[in-house]
Amino acid sequence: MKSTPKTDHHTRHAGSMPALHGLSTRAIHAGEDRLRYADSITTPIVQTSTYAFKDSREIDAYTHHGKERFEYGRYGNPTELVASRRLAALEGAEDCVVFASGMSAVTTTILALVRSGDHIVITDDAYKKTLEFCSAYLQRFGVTCTIVPFGDYAVLDRAVRKNTRFIFSESPTNPYLNIFDLEKLQAIAKKHRVLTLIDSTFATPYNQRPLELGVDLVLQSGTKYLAGHNDILAGAVLGRKALVEEIRALHKAMGGVIDPHCCYLLLRGLKTFVLRVRQQNETAMRVAEYLEGHPLIQRVYYPGLKSHPHYEIARRQMSGFGGVVTFDIKGGLAAAKRFLDHLKLCYIAPSLGGVETLITHPATVTYYRDTRKERYALGITDTLIRLAVGVEDPEDIMADLDQALRRASRRRRGPYR
Ligand SMILES: *Cc1c(COP(=O)(O)O)cnc(C)c1O
């Protein structure tokens, strides 16, 4: 075998890639060493749970002299290391930790930052499981949480207390694609000297880079656009090194480590990340415009449309509007169900960001436990549909939506048909 490459392939900030490469180049190459095992072009999957030391001298070099190498699977693996570097390069972050899921990233990050007696602020439009974790579970550890209405910056400002550790929000949010004004968020956070956390899953680093706007930590569900093929779960937290190190330390105990093979699929998905998201932005914009003019549609929510309440904020802080389009169809619950039942191309499934177009009906999927009154209080109507476009031909997606809408609008099959 050839001698091992001189670059230390264990350092987190491997400098084999100039930082100034474009996003597409970084999505393909960042984080990888030029020379790899067996001259492989792809990063090999090292499917092992533990790593052997050659001898006692190597143990000593590792434990006392800072030799960088792998030790045990929960503390990291080669594909995880490359993925963390690559995601950091895409998001413009100093450091990154990759997790087994987006929720593992969210919960580990929050737990790493808070102490008993702390207070946190979260916007009411956050991912349901994140809200649940913050409002229900954290209480058990003496951490209080104020949920503020999304977009009300005065209320947000007043909600911050002396013991507030951070403000957490998403942007864009689910399902209405509300956009948080990150400049306003930073002004409030700076005034009170609290940390800011943004779940940027719906945007991806192609459409928005919150760290460049001063946000302290970005969270990603890599399950969505980053992996992009509806085949794995993954998550990440990104930010400056000192903060991310605290999270990494807890991650090693919490154990939400991403499996080496799964992480390979994340790396593979990332290679086409820019191509996919560019296409999804374009398709979503076309579909949103099409639906806005459709006679069977009540209302469309897409931040790239002038009719969206946060269109101006989105234009300022985003470079694309994402692949999710939400809309209310005409009719009632029965019409919404008929619409779903007539889809032939789009799958009825939660999640977003993959190559397959997925549609979800929040009233009967995400909020099925809530009463109609509770749902309506949250703005989740019976006829609300969330469409997450894939990378199929836009014409085919629109044709499928159109035929399902037309069929749903005919109440029932008449006796003569
Ligand atoms: C999906 C999602 C999560 C959770 O990620 P998982 O990978 O499913 O654990 C968190 N936040 C947002 C905005 C999401 O869309």
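Numbers at a glance
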quantity	calculated
Net dipole in debye of region 57-178 [+1 Lys, Arg Cβ; -1 Asp, Glu Cβ; about Cα centre; nearest 20]	320 debye
Hz values of 3J(HN,Hα) by residue in region 187-195 - Karplus curve (6.51, -1.76, 1.60), Gly and Pro given as x	5, 5, 5, 5, 4, 9, 6, 10, 6
Charge dipole (the chain, unit charges on Cβ, about Cα centre) - positive-most of Leu138, Ser24, Val300	Val300
Shape metrics for region 29-102, restricted to C-alpha atoms - Rg then Dmax, Å	13.9, 39
222 nm mean residue ellipticity, helices alone, for the chain (DSSP H n ≥ 4; -39,500 (n - 2.57); rounded to 500)	-11000 deg cm²/dmol
Loop GluC sites (Glu not before Pro), region 18-80, which have at most 12 other Cβ atoms in a 10 Å radius of their Cβ (DSSP)	Glu68
Beta bridge orientation in region 9-271: antiparallel %, DSSP, nearest 5	40 percent
Potential lengthening between Lys184 and Glu374 on full extension [0.36 nm per residue; Cα-Cα distance subtracted]	65.4 nm
Cα gyration tensor category, rounded, prolate or oblate, for region 151-291 with a/c compared to 1.5	oblate
Mean Cβ neighbour count within 10 Å, used as a protection proxy, ranking 45-55, 230-240 highest first	230-240, 45-55
Dipole magnitude (debye, nearest 20) for the chain, charges at Cβ of Lys, Arg, Asp, Glu	760 debye
Kirkwood Rh, angstrom, the chain [1 / mean 1/r, Cα pairs]	22.7 Å
Cα-centred dipole magnitude for region 274-408, charges only on beta-carbon of K, R (+1) and D, E (-1), debye, nearest 20	440 debye
Protection proxy ranking of 135-141, 336-342, 195-201, 285-291 - average other beta-carbon atoms within 10 Å, highest first	195-201, 285-291, 336-342, 135-141
The chain, relative contact order [Cα under 8 Å, separation at least 6], %	15 percent
Gain upon complete extension [Arg193, Ala399; 0.36 nm per residue less C-alpha separation]	69.1 nm
Candidates Ser351, Ser24, Ser40: whichever shows maximal mean-square fluctuation once the chain is modelled as a Gaussian network with Cα springs under 10 Å	Ser40
In Hz, Karplus ³J(HN,Hα) per residue of region 76-81 (6.51, -1.76, 1.60; θ = phi - 60°; x = Gly, Pro)	x, 8, x, 5, 5, 4
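Taken together, the values in this text are just the output of simple stated rules run on the coordinates, not laboratory data. No experiment lies behind these values; they were computed from the predicted model shown. Glycine also receives a Cβ, built like all others from the backbone with ideal geometry; neighbour counts cover every protein chain displayed.
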